[in-house]
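These notes are about the structure you will find just below.
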Amino acid sequence: MDGLHILLVDDSPGELLLAQEAFAAHAGAVRLTTFPDARGAMAWLRAAPGDLPDLILADVNLPGLSGLDWLRSLKEDPALQHIPVIVMSVAAPPKQIAEAYALRASGYLPKAPGFREFQSQIDALVGFWSRCVFARPVASPTTER
């Protein structure tokens, strides 16, 4: 599929609905897949290695497995570690931001307080990431003896 494939992981039904509405403005350029929890998203990622997203947006405050713990798991998985992850949260405490980057997040996005501002964030995000070239997993070379 052409276009940008984004996986959004957020446990808030309201936030997911707002995100779907914001991404609808980019319907021809973006395919959005959503999950309300990290475990479900991880199971989907591992079950669909041929349909991995180009970018992951993950809320920090997820039930069961926090967004930062999930980020750690993603970056430790050789089949998934190449996927850029943007961590999102309403709050942006410096310690949490530093931890996200230490875990190899590609960005930390403080969620905008209103829909208009959030739409602007999504527009900018899509504008940037839709122009990027993404890494794809490469099969390990075999050695001949």
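The values are calculated or read from the model by the stated rules, or taken from the named source; none is laboratory data. Please read these numbers as outputs of a predicted model, since none were measured by experiment. Positions of Cβ are generated from backbone atoms using ideal geometry, with glycine treated the same way; all protein chains shown enter the neighbour counts.
Below is a table of values for the structure above.
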read-out: Test: residue in segment 57-70 that is without any contact (Cβ under 8 Å) to a residue 60 or more places away in the chain, surrounded by fewer than 19 Cβ atoms within 10 Å (Cβ to Cβ) and under 16 Å from Phe134 (Cα atoms); value: no
read-out: Qualifying residue in segment 114-127 (condition: part of a helix (DSSP H, G or I), over 16 Å from the mean Cα position of the chain (by Cα) and under 16 Å from Val30 (Cα atoms)); value: yes
read-out: Residue check, Gly28 over 21 Å from Lys111 (Cα atoms) and under 15 Å from the mean Cα position of the chain (by Cα); value: no
read-out: Residue in segment 47-56 that is modelled with pLDDT under 95 and either of a type in the set (Ser, Thr, Tyr) or crowded, with 21+ Cβ neighbours inside 10 Å (or both) present; value: no
read-out: Those residues of segment 74-103 which are farther than 18 Å from Ile6 by Cα and part of a loop (DSSP other than H, G, I, E, B), in sequence order; value: Asp77, Pro78, Val90, Ala91, Ala92, Pro93, Leu103
read-out: Given (1) under 18 Å from Gln121 (Cα atoms); (2) surrounded by 19 or more Cβ atoms within 10 Å (Cβ to Cβ), index of the condition Ile83 fails; value: (1)
read-out: Number of positions in segment 24-38 that are touching a residue at least 24 places away in the same chain (Cβ under 8 Å) and surrounded by fewer than 16 Cβ atoms within 10 Å (Cβ to Cβ); value: 3
read-out: Complete set of residues in segment 19-73 that are touching a Pro at 6+ places or on another chain (Cβ under 7 Å) and in a loop (DSSP other than H, G, I, E, B); value: Asp37
